[in-house]
Amino acid sequence: MQNIKIFAHRGSKGTHPENTMAAFQKAAEIGAEGIEFDVHLSADGELVIIHDETLDRTTSLTGYVKDHSAQQLKTGDAGVKFSREFLGERIPFLGEVFEWAKDNRLWMNVEIKTDKLAYEGIEQKIIDAIRHHEMEHRVILSSFNHQSIEKVKLLAPDLERALLFEGLPENLEQILRDKQESGFHPDKDSLTESVNELAKTLGYKIRPWVANDEADIIKLAEMGVDVIMTDFPEKALKALKAWQSNG
Ligand code: G3P
Ligand code: CA
């Protein structure tokens, strides 16, 4: 039977504050095979793990990430807005996550958040961090900005890359044929049987996001995707295990 992996979306986002060490740690504890998280650049060029371009929704700080130095970002609380239980949880940095990952075997899907802001040089910085921490074989770099993926291909052709999509363009087949990347990351609702077959035939690993309902998880498993990204990895692992033992 195919080994379908569960990746915890922004960490275990459903039960823990997204993109925090607590969320990543939870994913490791419950036996998820991977985590997905988002990377932006601070004012002084540090790689910051957070979803939005701004700090307001998930942290105690306000304004753009790009307008704060790493030192300022370190004073922010990234847990309390989720729940008081997580008061004191910090905004993580990429190097910190890679250091922590040395004690586990998780895959890491690093999403380069260049779809709204350009973040000059972010691709090279991420590549340098991957090399420094020797995480080459555990990282998948993805982005909605396919130019960022193109840059990674030129700068570090050995690293695993993936094209992210929200909705699918009419010329999807041409894009997948032309780009020849290894990963296809569509939103789960766009992944029809025929799109799945197309991407599979073209040799892509298929990692849809974000499936939280058991019915969606089983549907994707039956399609034979490679990874399911979910906010509730513990629940997804249980659903997958039950489906596998029934099959
Ligand atoms: O990488 C898949 C997914 O995380 C993309 O959407 O908005 O959660 O970053 P978003
Ligand atoms: Ca993401």
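The values are calculated or read from the model by the stated rules, or taken from the named source; none is laboratory data. If you're wondering where the values come from, they're calculated on a predicted model, not measured in any experiment. Backbone-built Cβ (ideal geometry, glycine too); neighbour counts: all protein chains shown. Side chains included, ligands, DNA and RNA excluded: accessible areas come from the protein's heavy atoms. Shrake-Rupley method; radii C 1.70, N 1.55, O 1.52, S 1.80 Å.
How would you rank 10-18, 65-73, highest first, on the average number of other Cβ atoms within 10 Å across their residues?
In decreasing order of mean packing, 10-18, 65-73 become 10-18, 65-73.
Can you give me the distance in nm between label points at residue 197 and residue 115, each placed 7 Å from the Cα along the Cα-to-Cβ direction?
About 2.8 nm separates the two model spin labels.
By the gyration tensor of its Cα atoms, with a ≥ b ≥ c the square roots of the eigenvalues, what is the shape of the chain: rounded for a/c under 1.5, prolate for a/b over b/c, or oblate?
Here the chain falls in the oblate category.
Skip the ligands, DNA and RNA, and give the accessible area per residue of the chain with a 1.4 Å probe, whole Å².
Each residue of the chain exposes 46 Å² on average to a 1.4 Å probe.
How much of the accessible area of region 5-246, in percent, comes from carbon and sulfur atoms when a 1.4 Å probe is used?
47
Each residue of region 47-64 in turn: what ³J(HN,Hα) in whole Hz from Karplus with 6.51, -1.76, 1.60 and θ = phi - 60°, glycine and Pro shown as x?
With the stated coefficients, region 47-64 comes to 8, 9, 9, 6, 7, 7, 5, 10, 8, 4, 5, 10, 10, 7, 9, 10, x, 6 Hz.
Which order do peptides 158-164, 169-175, 128-134, 139-145 fall in by mean Cβ count within 10 Å, highest first?
139-145, 158-164, 128-134, 169-175
Specify the inter-centroid distance of region 158-194 and region 97-154, based on alpha-carbon positions, in whole Å.
If we compute the Cα centre of each part, the gap is 18 Å.
Tell me which aspartates and glutamates have Cα within less than 15 Å of residue 219's Cα, excluding those fewer than 8 residues away on the same chain?
Hits, sequence-local ones excluded: 187, 189, 193, 197.
Give the lysines reachable from residue 74 as a straight Cα distance under 26 Å; neighbours fewer than 8 places away on the same chain don't count.
13, 26, 66, 102, 113, 116, 125
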